[in-house]
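Trainee: I'd like to ask you about the structure that follows.
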Amino acid sequence: MPDNLGENQEEIFSKVLRAGRRTYFFDVRETKASDYYLTITESKKFTNEDGSYHYKKHKIYIYKEDFESFSNFLSETMNYIFDQRGVEVISERHQKDYSPDNINSEQH
């Protein structure tokens, strides 16, 4: 039997969030004991100079005993970011076509 539990267990439920060069996969998988856990995978596309491309993936595993704390910490952290920096994506200012006139004047 394969050693890597996370890579070899069947997906029960899956959602995909495409966000530019990044794609996030939210997958429910089943343990050997028939319980469920969550994997979140970030896949980021990189283009080589010759036009070919490759993906780098990062994965985290979240188990049921951690769901409540994980959810609370994630929510608290995102709220902190919005409270401190608003909802505008600041990195958009660095795009070639950025113009302050294109930004909604109402900030959080």
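Trainee: Looking at the range 48-60, I want the residues that are under 15 Å from ARG21 (Cα atoms) and have a partner that is of a type in the set (S, T, N, Q) with Cβ atoms under 6 Å, at least 6 apart or on another chain. Which pairs are those?
Mentor: Close Cβ pairs (under 6 Å, with a partner that is of a type in the set (S, T, N, Q)) amount to TYR53/THR47; TYR55/SER43; LYS57/THR41; LYS57/SER43.
Trainee: Inspect the range 55-78 for any residue being over 27 Å from PHE13 (Cα atoms) and at pLDDT 90 or above and give the result as yes or no.
Mentor: Within the range 55-78, the first condition is being over 27 Å from PHE13 (Cα atoms), and the residues that meet it are none.
No, the range 55-78 contains no residue that is over 27 Å from PHE13 (Cα atoms) and at pLDDT 90 or above.
Trainee: Moving to a separate point now. Would you mind telling me which numbered condition in (1) at pLDDT 95 or above; (2) within 24 Å of PHE25 (Cα to Cα) ASP83 fails?
Mentor: Answer for ASP83: the failing condition is (2).
Trainee: Can you pull out the residues in the range 61-85 that are free of Cβ contacts under 8 Å to residues at least 24 places away in the same chain, of a type in the set (Ser, Thr, Tyr) and under 23 Å from THR23 (Cβ atoms)?
Mentor: SER71, SER75, THR77 - these are the residues of the range 61-85 that are free of Cβ contacts under 8 Å to residues at least 24 places away in the same chain, of a type in the set (Ser, Thr, Tyr) and under 23 Å from THR23 (Cβ atoms).
Trainee: Sticking with this one: Could you check the range 20-40 and list, in sequence order, the residues that are farther than 17 Å from ASP66 by Cα and under 10 Å from the mean Cα position of the chain (by Cα)?
Mentor: So in the range 20-40, the residues farther than 17 Å from ASP66 by Cα come out as 20-25, 32-34.
ARG22, THR23, TYR24, PHE25 - these are the residues of the range 20-40 that are farther than 17 Å from ASP66 by Cα and under 10 Å from the mean Cα position of the chain (by Cα).
Trainee: Restricting attention to the range 23-54, which residues are assigned to a loop (DSSP other than H, G, I, E, B) and under 22 Å from GLU10 (Cα atoms)?
Mentor: First, the residues of the range 23-54 that are assigned to a loop (DSSP other than H, G, I, E, B): 31-35, 48-52.
If the condition is that a residue be assigned to a loop (DSSP other than H, G, I, E, B) and under 22 Å from GLU10 (Cα atoms), then THR31, LYS32, ALA33, SER34, ASP35 are the ones that fit.
Trainee: Additional query: Across the range 30-47, which residue is surrounded by the most Cβ atoms within 10 Å (Cβ to Cβ) among those that are touching a residue at least 12 places away in the same chain (Cβ under 8 Å) and out of contact with any Phe, Trp or Tyr (no Cβ under 8 Å at 6 or more places or on another chain)?
Mentor: Only one residue tops the list, namely TYR36.
Trainee: For the range 7-22, give me each residue that is among the charged types (D, E, K, R) and assigned to a strand (DSSP E or B). Don't jump to the end; show me each part of the working.
Mentor: Kept after step one, since they are among the charged types (D, E, K, R), are these residues of the range 7-22: 7, 10-11, 15, 18, 21-22.
Correct list: GLU11, LYS15, ARG18, ARG22.
Trainee: Condition check: exposed (fewer than 10 other Cβ atoms within 10 Å of the Cβ), at pLDDT below 90 and of a type outside the set (Val, Ile, Thr). Does GLU10 satisfy that? If you could, list the steps in order and put the result at the bottom.
Mentor: On the way: exposed (fewer than 10 other Cβ atoms within 10 Å of the Cβ): yes; at pLDDT below 90: yes; of a type outside the set (Val, Ile, Thr): yes.
Yes, satisfied.
The values are calculated or read from the model by the stated rules, or taken from the named source; none is laboratory data. What you see is a predicted model, and the numbers here were worked out from it, not measured in a lab. Cβ sites come from the backbone with ideal geometry, for glycine too, and all protein chains shown count toward neighbours.
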